[in-house]
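*Asks:* Before we start, here is the structure in question, set down as structure tokens.
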Amino acid sequence: MGEFAPCPAEALRAAEAVCGRPVELTEITDRRGSAVWRATGAVATMAVKYGYGEGEGTTAREAAVLDQLSGYTVVAGRAAGGFWYVTPWLEGPSTWKVFAPVRDGRDTQDRRGDRAPVLAGAVELCRAVAGLHAAGWVHGDLQPSHGIHTGTGVGLIDFAWSWHEGTGTARWRAFYGGITHLVAPELAAWITDGPQPVVPSARSDVYALAGVLWTCATGRWPLDYTAAGIQPDVGPAERRAAIAVGNIPLDSATPWPEFQDVLRPVLLSGPDDRPTAVELGNALASLT
Ligand SMILES: Nc1ncnc2c1ncn2[C@@H]1O[C@H](COP(=O)(O)OP(=O)(O)O)[C@@H](O)[C@H]1O
Ligand SMILES: [Mg+2]
């Protein structure tokens, strides 16, 4: 881990304009050429993201997406060596955090009581993805940390691999979004065999959505690689090639059987047989 990137002066000024001076910057993450701060002032709290080096292009693309989405305001610009944007800070836990009581087994005494808010969070995540899809967008990089559970529903973040239907496929030269473990088999096959540019779909989003929920509930990736004879330490390309072939069984841990029973067919079916995000949300909601 190197040092945290310095926040570009232009980005800080933009944050000050929205948040009020002085702004307190809190370092959140800095990895693969993408740094995020929480900027807090007297008036507002914003997220500042700075993409540099390999992260410059993806961050610029993400700012363009945020600019088109309703519910996100964005101020963006270039700085020496990179691209930054400022957007409202979404206050609340990530989906991963919302599921912590389930993973920790802290809810075994009174399962129904304690799992109800987690289930509600799962449904809200599905509804957020459904809302994005209904507006014609594909997220492309759903992860346990990319849903923020606010007091008014789930806000999605990290739109670097998002695209709007009907806008063509010339957004990126090569797709490398998504956590390999959560990439739908048909997308893994396309990434493996080409041709680029690979484009995620609403259906591959739903696979990732089910995979996110499975992972958050079990603390384990959905697929049992060992059972399929895949070594735990294979690189992403080899793992993706195996996912592309399919037939990898799901992990056998079932800490929340009825919840996982809803997710299982989503993770095992082909794209045409997957439910929509709306349908998945409704199926989960009916567990209450
Ligand atoms: N608008 C936001 N509101 C709240 N937290 C955010 C926001 N944007 C980013 N974050 C935080 O920063 C982290 C990294 O952001 P992300 O956009 O996923 O960047 P990366 O490109 O590093 O994956 C997130 O997991 C989240 O904790
Ligand atoms: Mg991210």
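The values are calculated or read from the model by the stated rules, or taken from the named source; none is laboratory data. This is a predicted model, so every value here is computed, not measured. As a convention, Cβ positions derive from the backbone with ideal geometry for all residues, glycine included, and neighbour counts pool all protein chains shown.
*Asks:* Which residue pairs have Cβ atoms under 6 Å apart, sit 6 or more places apart or on different chains, and have a first residue in segment 129-145 that is part of a loop (DSSP other than H, G, I, E, B) and a second that is modelled with pLDDT under 95 and crowded, with 19+ Cβ neighbours inside 10 Å?
*Replies:* Every condition considered, the pairs that remain are Gly140/Gly177; Asp141/Gly177; Asp141/Gly178.
*Asks:* Let me ask something else. Can you tell me which residue among Asp158, Asp205 is touching a residue at least 40 places away in the same chain (Cβ under 8 Å) and in a loop (DSSP other than H, G, I, E, B)?
*Replies:* Within the list Asp158, Asp205, the selection yields Asp158.
*Asks:* Continuing with this model, one more query. How many residues are part of a strand (DSSP E or B), within 16 Å of ligand 2 (Cβ to nearest atom) and of a type in the set (Val, Ile, Thr) if we restrict to segment 70-96?
*Replies:* Matching residues across segment 70-96 total 1.
*Asks:* Any residue at all in segment 150-164 that is closer than 17 Å to Asp67 by Cβ and either away from ligand 2 (no atom under 14 Å from the Cβ) or modelled with pLDDT under 95 (or both)?
*Replies:* yes
*Asks:* Within the set of pairs 6+ apart or on separate chains, which have a first residue in segment 215-232 that is in the same structural domain as Pro255 (by TED's automatic domain parsing) and touching a residue at least 40 places away in the same chain (Cβ under 8 Å), a second that is assigned to a loop (DSSP other than H, G, I, E, B) and charged (D, E, K, R), and C-beta atoms under 9 Å apart?
*Replies:* From segment 215-232, the pairs are Thr218/Asp251; Trp221/Asp251; Pro222/Asp251; Leu223/Asp251.
*Asks:* A follow-up question, please. Where the second residue is modelled with pLDDT of 95 or more and hydroxyl-bearing (Ser, Thr, Tyr) and the first is surrounded by 12 or more Cβ atoms within 10 Å (Cβ to Cβ) and part of a loop (DSSP other than H, G, I, E, B) and lies in segment 246-273, which pairs have Cβ atoms under 7 Å and are six or more apart or on separate chains?
*Replies:* Ile248/Tyr225; Asp251/Thr218; Ala253/Thr218; Pro255/Thr218
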